[in-house]
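Just so it is clear, none of the values below were taken in a lab; they were calculated from the coordinates. As the structure is a computational prediction, the values presented were derived from the model and not from experiment. Positions of Cβ are generated from backbone atoms using ideal geometry, with glycine treated the same way; all protein chains shown enter the neighbour counts.
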Amino acid sequence: MTQPILFSFFGHASIAQMAQQMGSFAVGQYQIRNFPDGETYLRIQSNVVGRSIVIIAGLNFPNDKLLTLLFAAETLRDLGAKDIGLVAPYLAYMRQDKQFNTGEGITSKYFAALLSKYFNWLVTIDPHLHRWHSLNDIYQIPTLILHAENEIAKWIAQNITHPLLIGPDQESEQWVLRIAQKLNSPFIILNKVRKGDQLVEVSIPEIKRYKDHTPILIDDIISTAKTMIAAVKHLNELHAQPPICIGVHAIFAGNAYEELINAGAKQVVTCNTIEHSSNAIDLSLAIIEGFRTFLAN
Ligand code: R5P
């Protein structure tokens, strides 16, 4: 049987190499550059005729990347690829999931419709499902959701003696609760009011009971870090121990990472769904095992 070919775009080359070393995948070769006018030149150098293709792509800041990704899928199909799956450890455009104000586009839906036209299947990690309950609500292709919670729980168990898990908003309850159950540790969920892209307020109940615990803030996405910063500052005001901040997806727009450290976070720890210097929780194996399920036959 011919091996599937795995191409990495916009990072994640180490996951592709790991999959190759584990056997049963070839790593795809390509050339990419910009023409002087900024348009993209793309050349696939591997023979893909009749082969199953997996593209693993870092999709943070997606607007700069999307056209190249779709061109890659079109090129692979033109060259005779059998099928093409997308592994997007961070799935972009999930947060605009309703019309909050008149005239707004529901971009999560449009992004999903677009990707569904180019790929045969999709694997991702902890997509921001809030008002959409399932990826099937918006994606028209088979999807597989993987979760970071086992690896996050392992990291906490190995590094922190008495953790107090804190979810910065109601949406975070789903994963904070599951991690707390695995660790058998206490948790609290904050009330968050978002007053704008950069303005967030949170309230923290009952912290005094846990003064001997290390507070660990856990969220799926850290983008501007305003959510985490509001929680860190509030904990400081309540004289709690400096918290550890754990995020699944390390977007860190602008200077968000530095601002979070300067706000008083003791440590910032993220998963490698987006490559960043804070990555300390490795999901590579889970990702490889996840997309293998689409290639079993
Ligand atoms: C939204 O509800 C998410 O779960 C995160 O809390 C949010 O995306 C964090 O964004 P930021 O870092 O910009 O505050």
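Assorted remarks:
- Summing Cβ point charges (Lys, Arg +1; Asp, Glu -1) relative to the Cα centre of segment 146-279 gives a dipole of roughly 360 debye.
- Each Lys and Arg Cβ is given +1 and each Asp and Glu Cβ -1; about its Cα centre, the chain then shows a dipole of about 280 debye.
- Computed FRET value (nearest 0.05) for His133 with Tyr110, which takes r as the C-beta separation and R₀ as 25 Å: 0.85
- Inter-label distance, nm, simple model (7 Å from Cα along the C-beta direction), Arg95/Ala296: 3.6
- Cα-based reach from Lys65 at 28 Å (exclusive), listing lysines while leaving out same-chain residues under 8 positions away: Lys82, Lys98, Lys109, Lys117, Lys226
- With the charge dipole of segment 140-297 set up from +1 on Lys and Arg Cβ and -1 on Asp and Glu Cβ about the Cα centre, the Cα lying farthest toward the positive end among the listed residues Ile288, Leu235, Gly264 is that of Leu235.
- Point-charge dipole on Cβ atoms (K/R +1, D/E -1) for segment 70-182, about Cα centre, debye to 20: 120
- Mean-square fluctuations from a GNM of the chain, with a 10 angstrom spring cutoff on Cα atoms, peak among Asn120, Asn101, Asn184 at Asn101.
- Each pair of Cα atoms in the chain enters the Kirkwood radius, and Stokes-Einstein at 4 °C and 1.567 mPa s then converts it into a translational diffusion coefficient of 64 µm²/s.
- Most mobile of Leu66, Leu135, Leu238 in a GNM of the chain (Cα contacts under 10 Å): Leu238
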